[in-house]
Amino acid sequence: VIIYLLYLIFLIREKALRKNQEILAGKIEENTIEIRQQNIEILSQRDHALRQKMTIEAQNAELEKHRYGLEQLVRERTLELEFAREKAEESERLKSGFLANMSHEIRTPMNAIIGFSSLLTEEEISKKEKEEYLNIINRSGLSLMQLIDDILDLSTMEAGKVELSLKNCNINEILSQLYDIFSNRNITSTKNVVLTKNPVPGDELVMFSDPIRLSQILSNLLDNAFKFTE
């Protein structure tokens with residue numbers, strides 16, 4: 001009887017153990033499925049995160065590219081503005097210097113015109129002196145006209161509207177006109193500078209150019225010669 005009871009207890013316990021094993025196996029299976037699903041979800045989230053990371057990295061690279069381009073553009077615009085400012089300042093200095101110089105240059109022929117015009121009113125001057133004074137006044141007037149033309153040319157050049165009028169120019173005529181204009185410098189200059197006229201051989205010597213601009217170039221060279229020749 002005891003052995004039978006022990007056997008019965010063993011069977012009951014074995015049955016209970018099997019049932020527990022089945023329950024445990026079922027829970028393990030459920031947990032395994034749940035873990036697999038979680039792994040799948042984690043892998044999906046990881047792939048999504050990687051895609052987002054790649055998108056963000058691409059956006060950052062694009063932003064960095066735009067930032068570099070913007071910085072480069074700002075540097076270029078800053079340099080352009082700095083260059084424009086320097087050019088404007090230089091232009092303003094040149095203009096101020098030019099106007100100051102023109103003011104002095106205009107007074108020279110004006111003083112000659114006024115001074116010799118006053119001398120013409122004196123009764124005791126001779127006919128020869130009167131003719132000489134009239135020539136001086138005439139040359140000073142031509143010199144003043146040249147200065148006015150230079151001032152007008154400055155505004156024309158600043159507006160970018162300088163145009164050339166090319167044609168055959170008589171060199172001797174141009175040199176003769178310049179001689180008449182600058183001969184007055186021998187009187188007004190404190191330096192011992194003498195202007196002489198040596199016509200180029202050949203009355204018909206011509207040059208295909210703009211006579212006004214050519215005369216201006218030679219005039220500027222003569223003007224510098226009077227200023228800087230000791």
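The values are calculated or read from the model by the stated rules, or taken from the named source; none is laboratory data. This is a predicted model, so every value here is computed, not measured. Note that each Cβ is placed from the backbone with ideal geometry, even for glycine, and that neighbours are counted across all protein chains shown. In case anyone asks, the SASA skips ligands and DNA or RNA and just uses the protein heavy atoms, side chains included. Shrake-Rupley method; radii C 1.70, N 1.55, O 1.52, S 1.80 Å.
Brief remarks on what is shown
- Restriction of the trypsin sites (Lys or Arg not before Pro) in segment 147-187 to DSSP coil positions whose beta-carbon has at most 10 other beta-carbons within 10 angstrom yields Lys161.
- Karplus 3J(HN,Hα) series, Hz, for segment 44-58 with 6.51 cos²θ - 1.76 cosθ + 1.60 (x for Gly, Pro): 5, 5, 5, 4, 5, 5, 5, 5, 4, 4, 4, 5, 5, 5, 5
- Most positive-pole-ward Cα, Leu221, Ser126, Leu178, against dipole of segment 116-230 from beta carbon charges: Leu221
- For the pair Lys197 and Leu94 in one chain, pulling the backbone fully straight at 0.36 nm per residue adds 33.8 nm over the alpha carbon distance.
- Normalised per residue, the accessible area of the chain is 79 Å², obtained with a 1.4 Å probe and no contribution from ligands, DNA or RNA.
- Carbon + sulfur, % of accessible area of the chain - ligands and nucleic acids excluded, 1.4 Å: 60
- The average projected area of segment 1-119, computed from the convex hull of its Cα atoms over all directions, is 13.5 nm².
- Once you reduce segment 211-230 and segment 1-40 to the center of their Cα atoms, the two points are 121 Å from each other.
- Just checking the listed ones, Leu17, Leu63, Leu147: in the Gaussian network model of the chain with Cα springs under 10 Å, the one fluctuating most is Leu17.
- Here the simple spin-label model places points 7 Å from the Cα toward Cβ, and for Leu8 and Ser126 these points are separated by 17.7 nm.
- Ratio of Rg to Rh for segment 91-175: 1.12 [Cα atoms; Kirkwood radius as inverse mean 1/r over pairs].
- Qualifying GluC sites (Glu not before Pro) for segment 72-138 [loop in DSSP, other Cβ within 10 Å: at most 16]: Glu122, Glu123, Glu124
- Taking Ile217, Ile28, Ile174 as the candidate residues, the one with maximal mean-square fluctuation in a Gaussian network model of the chain, Cα springs under 10 Å, is Ile28.
- Taking 0.36 nm per residue of separation and subtracting the current Cα-Cα distance, fully stretching the chain between Ile56 and Ile40 would add 3.4 nm.
- Highest-fluctuation residue, Phe182, Phe208, Phe98 considered, GNM on the chain with Cα pairs under 10 Å: Phe208
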